[in-house]
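We did not get these values from a lab; they are worked out from the coordinates using the rules stated. All figures in this text were calculated on a predicted structure; none of them were measured in a lab. Cβ: placed from backbone, ideal geometry, glycine included. Neighbour counts: every protein chain shown.
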Amino acid sequence: MHLMRGTRVRPLSEMEIKAIAVNACFALGFTSKYKYRRRPRRFDVALETLSQWNIVLDPMDDDEWFQETLGLTIGHCEPDKLTIRVPNHIYEMACGGERSALFVIFHELGHLLLQHKPALHFANAMPEQNEDSEWQADLFAETMLDKLGYQTAQLCFEFY
């Protein structure tokens with residue numbers, strides 16, 4: 001039995017999620033098909049090109065973010081509006097190529113590109129890992145980071 005961290009969504013295999021993430025890396029301009037594990041020189045430019053796909057990346061003032069979320073989260077997405085919101089310090093760190101900040105943004109991007117919508121609320125079967133929206137988004141983000149040459153197989157202590 002899998003302990004769900006997110007909502008139950010359409011099941012996707014690990015291979016399906018990884019394929020979507022790798023294709024997103026190319027399509028969104030984070031890396032080239034011909035230069036595997038090569039990071040963009042300027043993540044700020046790469047992140048701003050999300051708007052070409054009608055994806056809104058909306059950094060919020062840190063104080064305003066804390067008032068609205070009480071510090072309980074460091075990222076949020078609204079799939080219906082194709083909007084990702086993060087506190088400004090996360091956005092600035094991601095623009096500088098900081099791994100954990102990029103993970104937050106790629107995780108939220110995963111929710112959008114994997115088309116997460118709650119499903120199977122009244123299913124009789126116990127949920128499986130591949131139906132957990134948070135597990136799917138984490139795998140998506142890890143795959144994008146791996147594609148960009150970041151080490152992902154390690155413990156991560158988050159100090160924001």
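Points to keep in mind about this one:
- For the peptides 75-87, 99-111, the ranking by mean Cβ contacts within 10 Å, running from highest to lowest, is 99-111, 75-87.
- Extension gain from LEU72 to GLU14, taking 0.36 nm per residue of separation minus the Cα-Cα distance: 18.1 nm
- Stretchable slack from ASP61 to HIS89, in nm (0.36 nm times residue separation minus alpha-carbon distance): 9.3 nm
- Each of the peptides 47-57, 20-30 was scored by the mean count of other Cβ atoms within 10 Å over its residues; in descending order, highest first, they stand as 20-30, 47-57.
- Protection-proxy order for peptides 63-71, 138-146, each taking the mean of Cβ atoms within 10 Å per residue, highest first: 138-146, 63-71
- A cut-off of 5 Å between modelled amide H atoms, ignoring neighbours fewer than 5 places along the same chain, links LEU57 with ILE84.
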